[in-house]
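A quick write-up on the structure given underneath.
The values are calculated or read from the model by the stated rules, or taken from the named source; none is laboratory data. These figures come from a predicted structure and were not determined experimentally. Quick reminder, even Gly has a Cβ in these numbers, built from the backbone with ideal geometry, and neighbours come from all protein chains shown. These accessible areas exclude ligands, DNA and RNA; they are computed on the full protein's heavy atoms, side chains included. Shrake-Rupley method; radii C 1.70, N 1.55, O 1.52, S 1.80 Å.
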Amino acid sequence: MSVILNSGEISRALRRISHEILERNHGSENLVLLGIPTRGAYLSQRIAVAICEIEKTTLESGTLDITMYRDDLRLKTPRTLLPTTIPGGSIDGKDVVLIDDVFYSGRTIRAALDALNEMGRPKSVQLAVLIDRGHRELPIRADFVGKNIPTAKEESVRVHLSEIDSVDEVIIEGRSL
Amino acid sequence: MNSYRIKAASDSNGKVGDHFVSGGKFVKEGELANDAQVIDAKGLTILPGFVDLHTHLREPGKEDAETVLTGSMAAAAGGFTAISAMPNTLPVADTAGVVEQVYRLGKHHGICDVYPIGAVTVGQRGQVLAELSAMNQSEAGVRIFSDDGYCVYDPLVMRRALEYVKTFDGIIAQHAQDPRLTEDSQMNEGEVSARLGLKGWPAVAEEAVIARDVLLAEHVDSRLHICHVTTAGGVEIVRNAKRRGIMVTAEVTPHHLLLTDDLAESYNPVYKVNPPLRTRNDVQALREGLADGTIDIIATDHAPHPHESKDCEWDAAAFGMIGLETAFSISYQVMVETKLLTLAQLVDRLSKIPAQIGRYEDHGSIDEGMAANFTLADLGARWQVERSKLESKSRNTPFDGLDLPGVISKTFHNGVLVYERKSK
Amino acid sequence: MKHLLSINDLSKDEAIEILDTAAELARLAEGAVKKFPTLRGRTVVNLFFEDSTRTRISFEAAAKRLSADVINFAAKGSSLSKGESLKDTALTLQAMGADAVVIRHSASGAAHQLAKQEWMKGVVINAGDGTHEHPTQALLDAFTIRRHLKGSEGDLSGIKVGIVGDILHSRVARSNILLLKKLGAEVVLIAPPTLIPVGVSQWGVDVSYSLDDQIKSLEVIIVLRVQKERMNDLYFPTEREYARGYGLNSERMEGMKDKAIVMHPGPMNRGLEISADSADSARSVIVEQVANGVSVRMAVLYLLLGGATFKELSSSGENL
């Protein structure tokens with residue numbers, strides 16, 4: 001097990017992503033931030049706070065549960081649903097930024113795009129992730145990346161956030177020495 | 001005629017000795033032919049053949065479930081040498097013609113004595129007395145009458161029947177079930193029926209009829225037999241009636257001595273039976289009643305049904321269980337292994353006393369001079385019930401898979417070996 | 001949980017999980033998400049041996065919102081036509097590859113037998129069997145109660161529920177009693193003694209013969225439908241006498257607690273067990289029960305059918 005991002009590095013990465021989101025979207029006016037539970041939701045909240053500080057405005061963060069849209073439902077016992085909350089109640093015409101902790105096969109994001117599709121018609125959908133570990137199985141890419149970490153498939157990347165894990169860090173497990 | 005020297009069998013009191021069979025009877029050693037076949041019965045127990053006053057053989061009319069032949073084979077496999085066949089056949093055994101037909105079929109097959117029970121009322125409809133004397137005077141010599149499956153509910157009809165059979169020392173065997181209190185009933189009424197949503201069959205529906213009938217029997221001074229008592233209250237009524245000197249006898253089935261109503265939780269209709277399985281408290285009272293003589297005998301209420309009658313919804317399923325082949329083992333387990341009865345006492349309740357009630361003079365004893373109706377049992381051995389291997393034509397046993405004590409090894413009817421357990 | 005045959009199949013946690021899931025699905029439905037791809041490719045058969053348009057439509061809507069294929073199989077009239085019909089139907093459904101069977105039958109235990117007799121392999125959901133149980137109705141009732149009185153969270157502790165009417169013949173009452181007790185509610189059965197089952201003392205609920213004595217202490221009153229044919233079986237003398245003692249009307253409702261609600265599983269006999277003004281009053285959540293039924297049945301279908309079957313589980317191993 002080794003730590004690849006510590007607390008300071010995580011917060012610097014999120015701050016940079018916040019700036020990049022603002023730059024790309026010319027401000028925060030039309031933004032809807034949607035974190036994918038569990039940890040993506042906390043990252044989304046932190047990014048919302050950073051954007052508010054930078055812009056001196058108010059911006060709520062929402063959540064998007066993708067459980068019902070997963071393509072691996074039949075591989076596991078049913079999962080408990082997690083909350084979905086859309087700030088302002090609608091994504092129609094908005095610039096939606098999906099936020100997740102680890103970007104891997106791309107299947108979670110595909111499910112999220114399906115979920116968004118059921119909810120309305122955003123102007124654009126962008127993706128922000130803290131870690132991109134590679135091994136994509138679908139033609140999906142991230143717009144904002146905290147850190148690219150080349151990994152082997154048998155390794156696992158874990159993001160710990162102080163909101164639920166009592167510490168901020170990103171670790172990698174199963175790496176052969 | 002076959003002659004046998006049965007060597008070194010224990011009797012029901014544990015006394016070991018030889019028994020001699022010749023000319024269809026138990027004889028003295030000196031009367032035995034020189035070429036008598038020797039049966040080494042060391043380790044086996046010789047018991048008088050069991051007598052079952054309550055079976056359904058389904059012939060004529062429902063031969064897909066059982067026939068006199070297959071029922072007789074099941075009886076022999078269970079150690080029975082005499083069985084009484086209830087009249088709810090098609091047509092109903094309410095005439096001399098039908099009872100003679102059943103009687104002759106039994107004689108023809110010669111595996112055990114089959115004594116038909118005549119219907120009390122025409123068509124078992126409870127309204128008009130059947131020709132009871134004619135059935136008694138027929139070749140079948142019917143003495144026991146019952147509308148089993150239905151209750152003789154009209155008190156006047158019951159009174160007349162009880163009076164009428166006195167002419168020939170007959171007896172009315174009552175299926176005690178108040179029909180109004182049991183309309184569409186499915187199982188014992190109580191906590192389990194309430195939970196399962198199956199229509200309840202209250203104990204009082206049985207007890208009220210027993211109470212009425214013992215009073216009628218007292219009033220007209222006649223013999224009454226209560227079929228399959230199942231409730232603690234019923235036992236108490238019979239106990240009091242006997243104390244008053246009323247001529248009442250009663251039977252209990254092996255399944256009511258062992259099984260309880262909570263088995264219906266599986267909704268498996270193999271546990272659907274009339275009268276229904278009752279509670280643990282009732283089972284205990286039945287065992288005690290059988291032990292103290294309140295309940296005189298064990299009778300199986302062997303009720304075969306074709307597979308499709310049980311492979312369906314509970315409400316739609318037929319009532320009844322088969323029991324001839326498991327009766328002795330179940331009774332032995334619940335009464336002797338629990339020390340409520342000695343082996344000799346149990347055998348009296350399976351053989352001597354039912355023979356007395358039915359006046360079946362060739363059964364109930366292995367004394368010299370008696371017809372050689374007996375069975376050899378291995379009481380130290382156990383066996384597992386496999387419904388596919390039973391002799392009965394039907395498979396509706398609730399005891400499938402049970403491991404039971406007491407293996408019936410051989411059964412003899414009038415000195416002829418009619419059943420021998422295949423060694424495994 | 002492989003089937004849903006009885007409330008007894010659920011632990012308290014599982015029951016709450018169904019309610020939580022239903023709550024989330026109900027919330028999503030308000031936010032315009034009406035349909036999920038979750039059960040695409042699964043086949044749900046509505047096997048109804050008894051007429052019940054409401055329950056069938058509710059299950060059908062739930063299955064369709066989860067993108068399941070729905071087959072409606074109405075085996076009318078054949079209910080107790082001498083055995084076998086249930087078994088033969090089950091074998092047919094097995095051959096058709098049904099993943100789940102929602103069964104309504106007039107015989108108590110029919111769902112149980114369908115699941116346990118190995119006639120078919122799919123998931124069995126009991127949509128009402130005889131006078132035994134109707135578990136999804138109890139779940140939607142609990143959902144409705146929790147939504148009104150507990151903010152859609154946790155269990156139902158501290159709530160007193162009165163169930164009024166024909167307890168003896170009610171599958172809704174049986175399932176409700178089991179679930180409400182499981183969730184910590186206090187339950188009192190209110191009916192004339194003829195409509196209370198023998199053996200009720202083992203159920204751990206209070207019994208009262210007087211609605212007026214109880215009504216002021218209740219947070220919830222569930223009014224059961226009176227089957228008119230019961231009258232001929234001597235359970236009560238006349239409709240009028242029943243309504244006088246046990247019918248809910250606005251006069252009786254005056255004494256109710258502030259936030260108390262009125263429920264009925266439907267269909268109602270207005271003027272018999274419930275007066276029209278009671279059924280349409282502000283306390284009545286009867287219409288909402290119907291809407292909640294769809295969410296709860298979606299949750300049940302998702303939790304029973306949305307995941308892997310055992311066979312599928314054993315061949316998995318994919319990463320996400």
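Observations
- Residue pairs meeting the criteria (Cβ under 6 Å; at least 6 apart or on separate chains; first within 12 Å of another protein chain (Cβ to nearest Cβ), in the stretch B:176-198; second surrounded by 23 or more Cβ atoms within 10 Å (Cβ to Cβ) and acidic (Asp, Glu)): B:187/B:261; B:188/B:261; B:192/B:261
- Here the stretch C:121-144 is the region considered, the condition is being of a type in the set (A, V, I, L, M, F, W, C) and within 14 Å of chain B (Cβ to nearest Cβ), and the residue that is surrounded by the most Cβ atoms within 10 Å (Cβ to Cβ) is C:138.
- Restricting the stretch C:232-288 to residues that are β-branched (Val, Ile, Thr) and outside any loop (DSSP other than H, G, I, E, B), the residue that is farthest from residue C:215 (Cα to Cα): C:287
- Within the set B:332, B:267, the sole residue that is within 14 Å of chain C (Cβ to nearest Cβ), buried (at least 21 other Cβ atoms within 10 Å of the Cβ) and hydroxyl-bearing (Ser, Thr, Tyr) turns out to be B:267.
- Summed over the stretch C:157-186, the residues that are open to solvent by 10 Å² or more (accessible area, probe 1.4 Å) and within 12 Å of the chain's Cα centre (by Cα) give a count of 5.
- Every condition in (1) without any contact (Cβ under 8 Å) to a residue 60 or more places away in the chain; (2) of a type outside the set (A, V, I, L, M); (3) in contact with a strand residue (DSSP E or B) (Cβ under 9 Å, 6 or more places away or on another chain) holds for residue C:99 except the one numbered (1).
- Among the candidates B:217, B:211, residue that is open to solvent by 10 Å² or more (accessible area, probe 1.4 Å), under 23 Å from the mean Cα position of the chain (by Cα) and small (Gly, Ala, Ser): B:211
- The criterion of at least 2 residues that are among the small types (Gly, Ala, Ser), more than 14 Å from chain B (Cβ to nearest Cβ) and within 22 Å of the chain's Cα centre (by Cα) is met by the following helices (runs of 4 or more DSSP H) wholly inside the stretch C:1-104: C:12-30, C:53-65.
Let's see how each residue does on (1) within 13 Å of chain B (Cβ to nearest Cβ); (2) modelled with pLDDT under 95:
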{"site": "C:162", "(1), (2)": "no, no"}
{"site": "C:171", "(1), (2)": "yes, no"}
{"site": "C:187", "(1), (2)": "no, no"}
{"site": "C:190", "(1), (2)": "no, no"}
{"site": "C:196", "(1), (2)": "yes, no"}
{"site": "C:206", "(1), (2)": "no, no"}
{"site": "C:214", "(1), (2)": "no, no"}
{"site": "C:233", "(1), (2)": "yes, yes"}
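- Meets criteria (under 18 Å from residue B:319 (Cα atoms), in a helix (DSSP H, G or I), open to solvent by less than 30 Å² (accessible area, probe 1.4 Å) and within 14 Å of chain C (Cβ to nearest Cβ)) for residue B:205: yes
- Restricting the stretch B:145-165 to residues that are within 23 Å of the chain's Cα centre (by Cα) and open to solvent by 10 Å² or more (accessible area, probe 1.4 Å), the residue that is nearest to residue B:88 (Cα to Cα): B:149
- Looking across B:300, B:294, B:338, one residue alone is in contact with a Phe, Trp or Tyr (Cβ under 9 Å, 6 or more places away or on another chain), more than 14 Å from chain C (Cβ to nearest Cβ) and modelled with pLDDT of 95 or more. It is B:300.
- Listed here are the helices (runs of 4 or more DSSP H) enclosed by the stretch C:119-215 that have at least 3 residues being farther than 26 Å from residue C:16 by Cα and in contact (Cβ under 8 Å) with a residue 12 or more places away in the chain: C:211-214.
- Contact map, the stretch C:285-300: residues that are among the basic types (Lys, Arg) paired with residues that are modelled with pLDDT of 95 or more, Cβ distance under 7 Å, separation 6+ or inter-chain. Pairs shown: C:297/C:58; C:297/C:59; C:297/C:62; C:297/C:136.
- Of the residues making up the stretch B:272-284, those that are more than 14 Å from residue B:207 (Cα to Cα) and either open to solvent by less than 50 Å² (accessible area, probe 1.4 Å) or of a type in the set (A, V, I, L, M, F, W, C) (or both) number 6.
- Selection count where residues are of a type outside the set (A, V, I, L, M) and within 17 Å of the chain's Cα centre (by Cα), scope the stretch C:143-156: 4
- Residue list for the stretch B:1-22, filter: crowded, with 16+ Cβ neighbours inside 10 Å and part of a loop (DSSP other than H, G, I, E, B): B:2, B:3, B:11, B:12
- Residues that are part of a loop (DSSP other than H, G, I, E, B) and surrounded by 13 or more Cβ atoms within 10 Å (Cβ to Cβ) were ranked within the stretch A:161-177; the one that is nearest to the other protein chains (Cβ to nearest Cβ) is A:175.
- Of all residues in the stretch A:90-99, at least one satisfies being within 11 Å of another protein chain (Cβ to nearest Cβ) and either under 24 Å from residue A:20 (Cβ atoms) or open to solvent by less than 20 Å² (accessible area, probe 1.4 Å) (or both).
- Condition check for residue A:55: more than 14 Å from chain C (Cβ to nearest Cβ) and either farther than 30 Å from residue A:9 by Cα or surrounded by fewer than 22 Cβ atoms within 10 Å (Cβ to Cβ) (or both): yes
- Criterion violated by residue C:154 - all others in (1) over 21 Å from residue C:60 (Cα atoms); (2) within 12 Å of chain B (Cβ to nearest Cβ) satisfied: (2)
Every residue, every condition in (1) assigned to a loop (DSSP other than H, G, I, E, B); (2) outside the structural domain of residue B:97 (by TED's automatic domain parsing); (3) touching a Pro at 6+ places or on another chain (Cβ under 8 Å), yes or no:
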{"residue": "B:142", "(1), (2), (3)": "yes, no, yes"}
{"residue": "B:159", "(1), (2), (3)": "no, no, no"}
{"residue": "B:198", "(1), (2), (3)": "yes, no, no"}
{"residue": "B:219", "(1), (2), (3)": "no, no, no"}
{"residue": "B:229", "(1), (2), (3)": "yes, no, no"}
{"residue": "B:236", "(1), (2), (3)": "no, no, no"}
